[in-house]
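Read the structure below first, then the notes.
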Amino acid sequence: MTIFEALRQEHEIQRDLIDKLIKTEGKTEERKKIFEDLKHELKIHEDAEERHFYIPLMEKDMTQEKARHSVAEHHEMDELVEQLEDTEMDASNWLKIAKDLEHQLIHHLDEEEHEVFQMAGKVLTEKQKTDLASDYNKEIRKNR
């Protein structure tokens, strides 16, 4: 497995959770559970991805700017998650913030898969691609 395949698997989990979250209503146990699951998945993915994908890409001239941009997007999503935490789940603007998070997340995942992966494929060796996937997956399993 390459780092790209490992990341895509995690991206699908995030897409599924954000889609489910947007379909929830009010201050329900379902919304709370899905939001907690999404927060956890975003956190462990972000930490492992930065360590095992973006740091190596920042060391390469060709991918440094894209890697920094993607890490900045992680921080933007963290801020939206914090806004959701600070807003009552049954407040009228909670769903608007959740939809902003959905938009940001889908944009980030698509950009990663369609732009960053292509650039990274050119600068990482085959061994790096599989070693990074192994390290990434170990960290995800440890924290899940």
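The values are calculated or read from the model by the stated rules, or taken from the named source; none is laboratory data. Given the structure is predicted, the values throughout are model-derived calculations rather than measurements. Counting neighbours? That spans all protein chains shown, and the Cβs are built from the backbone with ideal geometry, glycine included. Protein only, heavy atoms only, side chains kept; ligands, DNA and RNA dropped before computing areas. Shrake-Rupley method; radii C 1.70, N 1.55, O 1.52, S 1.80 Å.
Calculated [222 nm] ellipticity per residue, helices only, for the chain: -26500 deg cm²/dmol; basis is -39500 (n - 2.57) per DSSP H run with n ≥ 4, divided by all residues, nearest 500. Computed extension length for D86-E126: 10.1 nm, one decimal, from 0.36 nm per residue of separation with the Cα-Cα distance subtracted. Net charge in the neighbourhood of I22 (other residues with Cβ under 9 Å of its Cβ; Lys, Arg +1, Asp, Glu -1) is +1. Label-to-label distance for D61 and E29 is 5.9 nm, based on points extended 7 Å past Cα in the beta-carbon direction.
At a 1.4 Å probe radius, which order do S70, S134 fall into by accessible area, largest first? Kindly include the intermediate steps, with their values, before the conclusion.
Values: S70 0, S134 50 Å².
These residues rank, largest area first, as S134, S70.
Skip the ligands, DNA and RNA, and give the accessible area per residue of the chain with a 1.4 Å probe, whole Å². Spelled out: the 1.4 Å probe surface of the chain, per residue, equals 55 Å². Per-residue SASA remark: H75, around 90 Å² accessible (1.4 Å probe; ligands, DNA and RNA not included). A simple spin-label model places the labels of K99 and K39 2.3 nm from each other, with each point 7 Å out along Cα-to-Cβ.
Using +1 on the beta carbon of Lys and Arg, -1 on that of Asp and Glu, and nothing else charged, what's the dipole of the chain about the Cα centre, debye to 20? Before the final figure, lay out the partial values.
Numbers: 23 positive and 38 negative charges, 93 e Å.
Charge dipole, the chain, about its Cα centre: 440 debye, nearest 20.
Each other residue within a Cβ distance under 11 Å of E102 adds +1 if Lys or Arg and -1 if Asp or Glu, for a net charge of +3. Pairs exceeding 24 Å between alpha-carbon atoms, taken from K60/K129; K99/K122; K43/K122; K32/K99: K99/K122; K43/K122. Accessible surface of the chain, 1.4 Å probe: 48 percent of it comes from carbon and sulfur atoms.
Separation of the range 3-40 from the range 48-90 is 17 Å, based on Cα centroids. Taking only the alpha carbons of the chain, we obtain Rg and Dmax values of 15.8, 49 Å in that order.
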